[in-house]
Amino acid sequence: MENKLPVNAIPRWAIIITMLLLGIALLLDGWVLRQMPADGTQFGDFYYLLRGLGYLPTWIAFCLLFTFAGEKKTLLARRNSALAIGFTAAGSGVLAALLKVLFRRLDPQPGAEGSWQQAPWQGSWWDGTDLCFPSEHAAVAWGAAIAISRRWPGTTPFILLLAAGCACGRVLARAHNPSDVVASLLVAMAVSEILECYCCRSKS
């Protein structure tokens, strides 16, 4: 068996549509957030299930289970795929965290939905706790979903829908603007392309 599954390219149209969605989201951030439930609203188990897809340890656990579930002769192929999923999710989250510090967009606030008010470069300027653009949770979920869909195209509608659910949940909870989570998708696409290109070069 091949040690590495074939990796499908990210369609150019998908990148273009995501960029268009980002532009639309930037225009509609404030309006969309004003339609969301009030701060402090309690959400059910399904919300937390989807939110868990943006939690990196979820994907680390998935990758470990995936690697060791199956016949020994396919272990190497499963390990390589698991590493790609894990590193894409982690890399997307890390890049999103770095970009948050650079863009410095403050978390959505009641009465200032969609605002691009920036945190000052002072004090603990490296702390992204109160910053939102792009979303780390969404970036992790998108990153894992893209890595999976590029290897198993048949899963694409389902895994991307789950990642979108994670992203929408962050908006529903007023933790992020719509543009924050769409930007995270672009981050994940970029990280996936960089990692896959690096892997291809290292194999050649």
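No lab work stands behind these numbers, since they all come straight from the coordinates. Computed from a prediction, not measured in an experiment: that's the story for all the values here. So basically every Cβ, Gly included, is an ideal-geometry build from the backbone, and we count neighbours across all protein chains shown.
For the chain, modelled as a GNM whose springs connect Cα atoms under 10 angstrom apart, the maximal fluctuation among 102, 65, 131 occurs at 65.
Where does helix 12-34 land angle-wise versus the long Cα axis of the chain, in degrees 0 to 90, nearest 10? That works out to roughly 30 degrees. Extension gain, residue 194 to residue 75, is 40.4 nm, computed as 0.36 nm per intervening residue step minus the present C-alpha separation.
Cβ neighbours within 10 Å, averaged per peptide: list 169-181, 13-25 in order, most packed at the top.
On the way: 169-181: 24.2, 13-25: 13.5.
Packing order, densest peptide first, comes out as 169-181, 13-25.
Would you mind getting me the FRET efficiency between residue 161 and residue 60? Use the beta-carbon distance for r and R0 = 30 Å, nearest 0.05. Could you put the intermediate results ahead of the total?
Details: r = 22 Å, r/R0 = 0.74.
Step by step, r from the Cβ atoms, then E = 0.85.
Could you work out how much longer the chain between residue 152 and residue 106 gets when fully extended? Use 0.36 nm per residue separation minus the Cα distance between them, nm to one decimal.
Working: separation 46, 0.36 × 46 = 16.56 nm, distance 3.70 nm.
Answer, rounded to one decimal: 12.9 nm.
Could you give the dipole magnitude of the range 75-165 about its Cα centre, charging the beta-carbon of Lys and Arg +1 and that of Asp and Glu -1, in debye to the nearest 20? Let's see the in-between values first.
Details: 7 positive and 5 negative charges, 111 e Å.
Approximately 540 debye in magnitude.
Placing dummy labels 7 Å off each Cα toward the beta-carbon, the span from residue 39 to residue 129 is 1.5 nm. Working from Cα positions, state the angle (0 to 90°, nearest 10) between the long axis of helix 56-68 and the longest principal axis of the chain. Computed tilt is about 10 degrees.
What is the Å³ per residue value for the convex hull set by the Cα atoms of the range 63-204?
Working: hull volume 17.3 nm³, N = 142.
In the range 63-204, the Cα convex hull volume per residue is 122 Å³.
Roughly what angle does helix 75-103 make with the longest principal axis of the chain, taking Cα atoms, 0 to 90 degrees, to the nearest 10? So the inclination is approximately 20 degrees. For the listed peptides 116-127, 53-64, 79-90, a ranking on the average number of other beta carbons within 10 Å per residue, highest first, reads 79-90, 53-64, 116-127.
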